[in-house]
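Have a look at the structure below before the remarks.
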Amino acid sequence: MKFEIRYAAISVKLLLVTISGLLLDLLRYVYLGFRSEKVLAAEILFLRKQLALYQERQVKPHRIDAATRIALVFLSKRFKWRPSLVIVQPATLVHWHRQGFRLFWRWKSRPGRPRTPIKLRQLIREMALNNVSWGEERITNELLLKVGIRVSPRTVRKYMPKRSSQGGPRGDQRWSTFVRNHASAIVACDFCIAVTATFRLFYVLVVIEHGSRRLLHCNVTEYPTAEWTLQQLREAIPCEHSYRFLIHDRDNIFSTELDKSITRLGIDVIETPYRSPQANSICERVINGRGGDACGMVQ
């Protein structure tokens with residue numbers, strides 16, 4: 001810990017020395033700008049004569065500090081510096097120049113995006129808390145139309161308050177909770193494939209009641225259609241029923257007309273998400289596990 005504090009103090013000291021040296025060189029440069037060209041030429045020649053004596057005696061100068069390097073690079077842009085450079089090689093001065101550009105562009109091109117202002121983050125959180133039904137798209141549009149701030153929906157979602165883990169993505173109950181609470185009012189259906197001993201292919205429709213795990217209906221066909229499926233569901237669901245929901249996947253057999261007809265029976269149709277057989281797990285378990293009974297009757 002003491003070493004880190006000492007190292008930081010030395011770094012700050014070197015930075016202050018460099019800045020002070022640059023300020024002094026700047027003052028000298030401004031002062032020289034007010035002098036006449038003849039006086040400056042005579043002074044330059046006077047200094048070159050003295051420098052020639054040091055070159056004859058082969059006196060090595062002290063190590064060049066950072067302030068001197070920056071000043072030499074800056075002054076080299078104002079005249080033809082190669083004939084006047086004595087203390088180092090021209091390649092060294094070019095290296096200093098390139099090193100300065102690297103440092104500049106490294107500072108200019110800092111990795112990562114700039115952080116969202118804290119006031120904007122607080123505004124996003126406040127809008128999300130005051131309007132529970134708003135999602136990131138709605139908040140993004142409100143910020144653009146009413147405040148004039150363009151923000152990505154992903155940025156808005158990042159700073160929205162996290163919802164409780166007890167709820168689903170929309171803040172409502174989980175799928176498992178929904179199935180458990182309405183098990184007695186849910187009917188599920190699905191297709192499985194059965195191959196006979198003569199290699200004939202049949203499609204088996206299974207309709208099951210969630211609450212009691214009771215098979216309500218089961219039938220087979222070689223050419224399943226939406227009309228045939230709708231007729232099987234009508235036969236499976238009695239006129240005086242207490243069911244409220246029908247679960248099925250997104251197979252093309254379950255057409256829009258089929259769902260509308262089921263809705264007219266007083267049953268809401270719920271389609272499972274894509275590639276999510278676990279959403280209809282009870283029916284899938286009957287078909288793939290114990291359901292060898294349902295599909296095996298074809299054979």
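The values are calculated or read from the model by the stated rules, or taken from the named source; none is laboratory data. Bear in mind the structure is a predicted one, so any value in this text is a computation, not a measurement. When we count neighbours, we look across all protein chains shown, and the Cβ atoms used for this are built from the backbone with ideal geometry, even at glycine.
The residue pairs whose first member lies in the stretch 241-257 and is in a loop (DSSP other than H, G, I, E, B), whose second member is surrounded by fewer than 21 Cβ atoms within 10 Å (Cβ to Cβ), and whose beta carbons are closer than 6 Å, counting only pairs six or more residues apart or on different chains, are Tyr243/Ala185; Tyr243/Ile267; Arg244/Ala185; Asp249/Thr272; Arg250/Glu271; Ile253/Pro224; Ile253/Ala226; Ser255/Ala226. Contact annotation: residue pairs with Cβ atoms under 6 Å, 6 or more positions apart or on different chains, pairing a residue in the stretch 189-218 that is touching a residue at least 12 places away in the same chain (Cβ under 8 Å) with a partner that is among the aliphatic types (A, V, I, L, M) and assigned to a loop (DSSP other than H, G, I, E, B), are Ala194/Val298; Phe202/Val298. Could you check, for the stretch 74-97, whether at least one of its residues is free of Cβ contacts under 8 Å to residues at least 12 places away in the same chain and within 36 Å of the chain's Cα centre (by Cα)? No - not one qualifying residue is present in the stretch 74-97. On the given criteria, is Arg174 within 30 Å of Trp134 (Cα to Cα), of a type outside the set (Gly, Ala, Ser) and free of Cβ contacts under 8 Å to residues at least 24 places away in the same chain? Yes: the conditions hold for Arg174.
Hand me the list of helices (runs of 4 or more DSSP H) wholly inside the stretch 1-106 holding 3 or more residues that are at pLDDT 70 or above. Steps first, answer last, please.
On the way: elements: 2-33, 37-57, 66-75.
Fully inside the stretch 1-106 and qualifying: 2-33, 66-75.
Pairing each residue of the stretch 259-281 that is farther than 21 Å from Glu227 by Cβ and surrounded by 15 or more Cβ atoms within 10 Å (Cβ to Cβ) with any residue that is at pLDDT 90 or above and among the hydroxyl-bearing types (Ser, Thr, Tyr), provided the two are 6+ apart or on different chains, yields C-beta distances under 6 Å for Ala279/Thr272; Asn280/Thr272. Residues in the stretch 107-124 that are surrounded by 14 or more Cβ atoms within 10 Å (Cβ to Cβ) and either assigned to a loop (DSSP other than H, G, I, E, B) or within 19 Å of the chain's Cα centre (by Cα) (or both): Thr116, Leu120, Arg121, Ile124. When residues in the stretch 128-144 are screened for being among the hydroxyl-bearing types (Ser, Thr, Tyr) and surrounded by 12 or more Cβ atoms within 10 Å (Cβ to Cβ), 1 of them pass.
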